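Quick notes on the structure that follows.
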Amino acid sequence: MQKILLYYKFTPIKDTLTLKLWQKTLTDNLHLQGRILISPHGLNGTVGGELEDLKAYIKETKQFPGFKDIVFKWSDGGRDNFPRMSVKVRDEIVAFDAADELRIDEHGVVGGGKHLKPKQVNELVEKRGDDVIFFDGRNAHEAAIGKFKNAVVPNTHTSRDFIKELESGKYDDLKDKPIVTYCTGGIRCEVLSSLMKNRGFQEVYQVEGGIVKYGEAYGDDGLWEGSLRVFDDRMTVDFSDHAKVIGECTHCKNNTSNYENCAWANCNDLVLICEGCKQDENKLFHTDSCRTNATVKVSI
């Protein structure tokens, strides 16, 4: 039986290269595949493999003093959802271009939002009603197929766009509101919530464990609606058999949660497209420019 693990930990890392070597050796010995990022701020990983091998990985990884209380989240899938095992060192484990601003100690991110468990999220909404603002900490294309109801979705293509968005003035009227940030597994909101507080947002929360944990608790019978975009071969996952379809096909506007890679190999963007339109190969391009470039390349 195979599964996928999602996890992260913000803790100071003095020797990132040694940690990289240890993690690569460990995952290779356990026949795992996936992606791990390491920075002076901590560790961020998604790995798939046999259940017993993943349990062994958890046990060994927790031997590192800073990782003993990592929360590992389980998801359906396995080793083959990833092309290889990649372990890399970066300036940040989430690329907000905020390496110099972010402060980390042995307890995690300094000055971040208050963590709310799924039940506490619902309790906050029951108590404060429409005053509560859900703020999506992901990229806009992820929110196109799934989000918390009535959430604010910033105009972001990558996480690097968030600082510009926060400083644009668009959200200044929300600075005195209770803000609940959320993202896939929680890691992006660790950073985003601290950036928001640094810019004058007074009451900032984050969903502990992210959408994954909320979905485990409430499925599609809570405040979440739609599908969850994931970054492996699965593309999307649903929390139940009655997940709401909120995405719209790029071409015909029919509801869909199906993403396809742009047919031009040099484009890294996705196309939100229904099964009907997908049958037309001319519609499998992110933009007309992608279609033109692909045609020119074939002609040459």
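Each 10 Å bin, from zero up to the one with the longest distance, holds this percent of the alpha carbon pairs of the stretch 1-94: 18, 56, 25, 1. Pairwise Cα separations in the chain fall into 10 Å bins from 0 onward with the following percentages, short to long: 6, 25, 33, 26, 10, 1, 0. Distance between the modelled labels on Asp76 and Asp28, one decimal in nanometres: 3.3 nm (7 Å Cα→Cβ projection). Dividing the alpha-carbon radius of gyration of the stretch 154-290 by the rule-of-thumb value 2.2 N^0.38 Å gives 1.21.
Classify the stretch 64-212 as rounded, prolate or oblate from the Cα gyration tensor: take a ≥ b ≥ c as the square roots of its eigenvalues, call it rounded if a/c is under 1.5, otherwise prolate when a/b beats b/c and oblate if not. Note, shape of the stretch 64-212 comes out rounded.
Starting from the Cα of Met1, step 7 Å toward the Cβ, then list every residue of the stretch 52-66 with an amide N under 13 Å from that point. Backbone N within reach: 52-55. The trypsin sites (Lys or Arg not before Pro) of the stretch 155-197 that meet both conditions, a loop assignment by DSSP and at most 16 other Cβ atoms within 10 Å of the site Cβ, are Lys170, Lys175.
Comparing mean-square fluctuations of Asn150, Asn258, Asn44 from a GNM of the chain with C-alpha springs under 10 Å, the top value falls on Asn150. The loop-placed trypsin sites (Lys or Arg not before Pro) in the stretch 71-103, going by DSSP, that have at most 15 neighbouring Cβ atoms within 10 Å of their Cβ come out as Arg84, Arg90, Arg103. Using the Cβ-Cβ distance between Lys197 and Asp15 with R0 set to 25 Å, the FRET efficiency works out to roughly 0.25. For the stretch 1-88, relative contact order (Cα pairs under 8 Å, six or more residues apart, normalised by length) works out to 46 percent.
Restricting the stretch 227-300 to trypsin sites (Lys or Arg not before Pro) that sit in a DSSP loop and have at most 11 other Cβ atoms within 10 Å of their own Cβ leaves Lys253. The string of couplings for the stretch 6-21 from the Karplus curve (6.51, -1.76, 1.60, θ = phi - 60°) is 10, 6, 7, 7, 8, 7, x, 10, 7, 10, 5, 5, 5, 4, 4, 4 Hz, one whole number per residue in order, with x for Gly and Pro.
With the Cα gyration tensor of the stretch 52-108 giving a ≥ b ≥ c as the square roots of its eigenvalues, does the rule (a/c under 1.5 for rounded; else a/b larger than b/c for prolate; else oblate) give rounded, prolate or oblate? Oblate, because a/c is 1.5 or more while a/b does not exceed b/c. As a ratio to 2.2 N^0.38 Å, the alpha-carbon radius of gyration computed for the stretch 79-150 takes the value 1.52. What the Cα atoms of the stretch 217-272 give is an Rg and a Dmax of 12.9, 40 Å. Length gained on full extension, Asn268 to Asp97: 59.5 nm, using 0.36 nm per residue less the C-alpha separation. Distance between the 7 Å Cα→Cβ label points at Glu50 and Asn255: 4.2 nm.
Computed log10 I(q)/I(0) for the stretch 128-215 at 0.19, 0.24, 0.25 Å⁻¹: -0.80, -1.35, -1.47, from the Debye equation with unit scatterers placed on every C-alpha and solvent omitted.
Stretching the chain fully between Val152 and Thr295 yields a gain of 47.7 nm (0.36 nm per residue, less the alpha carbon separation). Full extension of the chain between Lys244 and Phe231 gives 2.6 nm of extra length, using 0.36 nm per residue less the Cα-Cα distance. When peptides 210-217, 4-11 are sorted by average Cβ neighbour count within 10 Å, with the highest value leading, the order is 4-11, 210-217. Per residue, the convex hull around the alpha carbon atoms of the stretch 146-186 comes to 99 Å³.
Over all other residues within a Cβ to Cβ distance under 10 Å of Thr256, the charged ones net out to 0, with Lys and Arg as +1 and Asp and Glu as -1. Given R0 = 25 Å, the distance between the Cβ atoms of Gln63 and Arg90 translates into a calculated FRET efficiency of 0.60. Label-to-label distance, Asp176 versus Asp288, with points set 7 angstrom from Cα along the beta-carbon direction: 4.7 nm.
Values quoted throughout were computed directly from the atomic coordinates according to the rules given, and no laboratory measurement underlies them. Note that the structure is predicted; figures quoted are calculated from it, not measured. With ideal geometry, Cβ positions are generated from the backbone for all residues, glycine too; neighbour counts draw on all protein chains shown.
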